[in-house]
Amino acid sequence: MSERIKITEMPQMPYFHCFALLAVHKLGGSSKTKDTIEEIMNFFDFEENLLEETLENGKSRLKERIRFAMVDLKMADYFAKDSKRGLYQLSDKGKLSIQQLVPLDPTEFREIGESIRKDVQQQVARVQKEKKNKEALEINDEDFSEESEEEMEYLNDLEIIQEINPYSFERLCALLFKKVGYEDVQTTQKSGDGGYDGVGYLVFGLVRFKVAFQAKKYKNDNKIGPGEIREFSGTMKQQAAEKGVFITTSDFTQKAKESGLELGIELINGEKLIGLLQKHQIGYSQRIDKKFFEEL
């Protein structure tokens, strides 16, 4: 697909059935819930208000609709029911549908999408009747239990990092830069720092690049917007930095992501940050070391 599908109104859950199947197919026929949802999101260009709409529990309404569309597909045998928790694997039935979907442009999914929707609706109703609803709900619980546990651990870790002071967070980002191989890493360690928090140098053979970084310790509901990305881009030019990395404990709006891509700025949100800290064992061994962050 050359262009993403523009979406201006919140789609109903069945709309995502075909895209969920195609996303798992693109990811090799088997993928985790979070990876699948991100791949599905890549098919679309959503209006900003749709991306920011949340449920009472704070979760994204859009992503929850996608998630439950995937659960229904699993209940209807498009995904293998015997796959591991939090994992979606195409069943033989799902693979047959993929054979019909792949030759089409996603904008042409209406007819097969309606066919899949009706079948899913019938199969889910059958499962609910056979399992007397209670057992059918247990399929949902089983599917989400492991992911929910991982999500709770991630949110707990993120909260610990969000509680440290801004200067400590800058030092944490500097430690990460050093750990992944940057040289001469320095932080500004002052307010009114001119729109950046530190610099480091990345060496490739005989070439040495100056890289500036910006560190924003925000709560989950305070996303980075495109204005902050553009401001950082201007600072990079003033500092003669060839590249930039914007790090936050929250996330970026879709417009900010587009600005980052356009301006050549690498974006690291809370989820990616924790993944990097775990990978390079900064404040982590088997689990997070709370004392490390308190004393940073």
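The values are calculated or read from the model by the stated rules, or taken from the named source; none is laboratory data. Predicted model only: the values in this text are computed from it and were never measured. All Cβ positions, glycine included, derive from the backbone under ideal geometry; neighbour counts span all protein chains shown. Just so you know, the surface numbers come from the protein's heavy atoms only, side chains and all, with ligands and any DNA or RNA stripped out. Shrake-Rupley method; radii C 1.70, N 1.55, O 1.52, S 1.80 Å.
Values computed for the structure shown
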{"quantity": "Extreme residue, most open to solvent (accessible area, probe 1.4 Å), among residues of the range 36-60 that are assigned to a helix (DSSP H, G or I) and under 16 Å from His17 (Cα atoms)", "calculated": "Glu38"}
{"quantity": "Any hit, the range 180-201, residues being open to solvent by 60 Å² or more (accessible area, probe 1.4 Å), closer than 30 Å to Asp289 by Cβ and under 27 Å from the mean Cα position of the chain (by Cα)", "calculated": "yes"}
{"quantity": "Matching residues, the range 61-72, being out of contact with any Ser or Thr (no Cβ under 9 Å at 6 or more places or on another chain) and open to solvent by 50 Å² or more (accessible area, probe 1.4 Å)", "calculated": "Lys63, Arg65, Phe68"}
{"quantity": "Answer from Glu266, Glu231 - the residue that is open to solvent by 10 Å² or more (accessible area, probe 1.4 Å), farther than 24 Å from Ser60 by Cβ and among the acidic types (Asp, Glu)", "calculated": "Glu231"}
{"quantity": "The range 215-240: number of residues that are of a type in the set (Phe, Trp, Tyr), touching an Asp or Glu at 6+ places or on another chain (Cβ under 9 Å) and outside any loop (DSSP other than H, G, I, E, B)", "calculated": "0"}
{"quantity": "Hits in the range 10-26 - residues which are assigned to a helix (DSSP H, G or I), surrounded by fewer than 20 Cβ atoms within 10 Å (Cβ to Cβ) and without any contact (Cβ under 8 Å) to a residue 60 or more places away in the chain", "calculated": "Met13, Lys26"}
{"quantity": "Any hit, the range 110-130, residues being open to solvent by less than 70 Å² (accessible area, probe 1.4 Å) and in a loop (DSSP other than H, G, I, E, B)", "calculated": "no"}
{"quantity": "Filter pass, Glu258 being surrounded by fewer than 19 Cβ atoms within 10 Å (Cβ to Cβ) and under 23 Å from Glu47 (Cα atoms)", "calculated": "yes"}
{"quantity": "Subset of the range 73-109 [of a type outside the set (A, V, I, L, M, F, W, C), assigned to a loop (DSSP other than H, G, I, E, B) and crowded, with 22+ Cβ neighbours inside 10 Å]", "calculated": "Tyr78"}
{"quantity": "Subset of the range 214-228 that is touching a helix residue (DSSP H, G or I) at 6+ places or on another chain (Cβ under 6 Å) and under 18 Å from Glu258 (Cα atoms) - its residue that is most open to solvent (accessible area, probe 1.4 Å)", "calculated": "Pro226"}
{"quantity": "Inter-residue pairs, beta-carbon under 6 Å, first farther than 16 Å from Glu258 by Cβ and in the range 34-51, second of a type in the set (Val, Ile, Thr), 6+ apart", "calculated": "Thr36/Val24; Ile37/Ile66; Ile40/Ile66"}
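Matching residues to (1) at pLDDT 80 or above; (2) under 13 Å from Ala20 (Cα atoms); (3) touching a helix residue (DSSP H, G or I) at 6+ places or on another chain (Cβ under 8 Å); (4) hydroxyl-bearing (Ser, Thr, Tyr):
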| site | (1), (2), (3), (4) |
| --- | --- |
| Val71 | yes, yes, yes, no |
| Gln89 | yes, yes, yes, no |
| Lys93 | yes, no, no, no |
| Gln99 | yes, no, no, no |
| Val102 | yes, yes, yes, no |
| Gly113 | yes, yes, yes, no |
| Gln128 | no, no, yes, no |
